[in-house]
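Engineer: Dropping the structure in here first, questions after.
The values are calculated or read from the model by the stated rules, or taken from the named source; none is laboratory data. As the structure is a prediction and not an experimental result, all values here were calculated from the model. Cβ placement follows ideal geometry from the backbone for every residue including glycine, while neighbour counts extend to all protein chains displayed. Ligands, DNA and RNA are stripped out before the accessible areas are found, and what is left, the full protein with its side chains, is counted by its heavy atoms. Shrake-Rupley method; radii C 1.70, N 1.55, O 1.52, S 1.80 Å.
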Amino acid sequence: MRVNYGVFENLTDIIGLSQRQSTPETYGLMIQYIALSNRHSISHLKFDDLMKVMRKWYKPYQAIMGIREEHPPTEYKQPKEFKESIPGVEIYEKYKKWLTDKKTGMSFIDFEDHH
């Protein structure tokens, strides 16, 4: 890395690094990020597609949950379908857990946003 360090120093102004930030460690982290980004690009695309599907799934899921809450078995005779699990709930719960900040409770993915 130090052999080609001059090439990286030429990038300092182009990418907007201060002299303090222009270190071999900084450029090493950049290379590591680029390598990991390339390595996981297919996984990222698949995850992005999954989140698009989950956003489309979320509105019907909320409607089903609302109907179930408004018609509890203590007050209504329910069809057997009311007791069936909703497909996709496990996936939703898994990613909701991993995409929520543990300290603040803030979600990094807004399932209600359909854009």
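Engineer: Can you list the lysines whose alpha carbon is less than 18 Å from that of Lys94, not counting same-chain residues fewer than 8 positions off?
Structural biologist: Cross-link targets: Lys46, Lys52, Lys56, Lys59, Lys102, Lys103.
Engineer: Name the residues of the range 40-69 whose amide N is less than 16 Å from a point 7 angstrom out from the Cα of Tyr92 along the C-beta direction?
Structural biologist: Residues passing the 16 Å test: 50-69.
Engineer: Let me ask something else about it. Starting from the range 5-55, pick out the trypsin sites (Lys or Arg not before Pro) whose DSSP state is loop and whose Cβ has at most 14 other Cβ atoms within 10 Å.
Structural biologist: Hits after loop and neighbour filter: Arg20.
Engineer: For the chain, what does the accessible surface come to per residue with a 1.4 Å probe? Please give it in Å².
Structural biologist: About 84 Å² of surface per residue is accessible.
Engineer: In the full protein assembly as shown, how much of Thr104 is accessible to a 1.4 Å probe, in Å² to the nearest 10?
Structural biologist: Here the residue's solvent-accessible area equals roughly 100 Å².
Engineer: I'd like the carbon and sulfur percentage of the solvent accessible area for the chain, probe radius 1.4 Å, heavy atoms only, ligands and nucleic acids excluded.
Structural biologist: Ligands and nucleic acids excluded, carbon and sulfur reach 58 percent.
Engineer: Order Val53, Val89 by their accessible area, 1.4 angstrom probe, all chains in place, largest first.
Structural biologist: Val53, Val89
Engineer: Kindly state, to the nearest 0.05, the FRET efficiency for Lys52 paired with Lys83, given R0 = 25 Å and r defined as their beta-carbon distance.
Structural biologist: Taking R0 as 25 Å, the efficiency between Lys52 and Lys83 is 0.25.
Engineer: From the protein chains alone at 1.4 Å, what is the descending order of accessible area for Leu17, Leu29, Leu36, largest first?
Structural biologist: Leu29, Leu36, Leu17
Engineer: Related question: Given only helices, namely DSSP H runs of n ≥ 4 each adding -39500 (n - 2.57), what is the per-residue ellipticity at 222 nm of the chain, to the nearest 500 deg cm²/dmol?
Structural biologist: Computed mean residue ellipticity for the chain: -18500 deg cm²/dmol.
Engineer: Could you state, as a whole-number percent, how many of the C-alpha pairs of the chain are farther apart than 17 Å?
Structural biologist: The calculated P(r) of the chain puts 72 percent of pairs beyond 17 Å.
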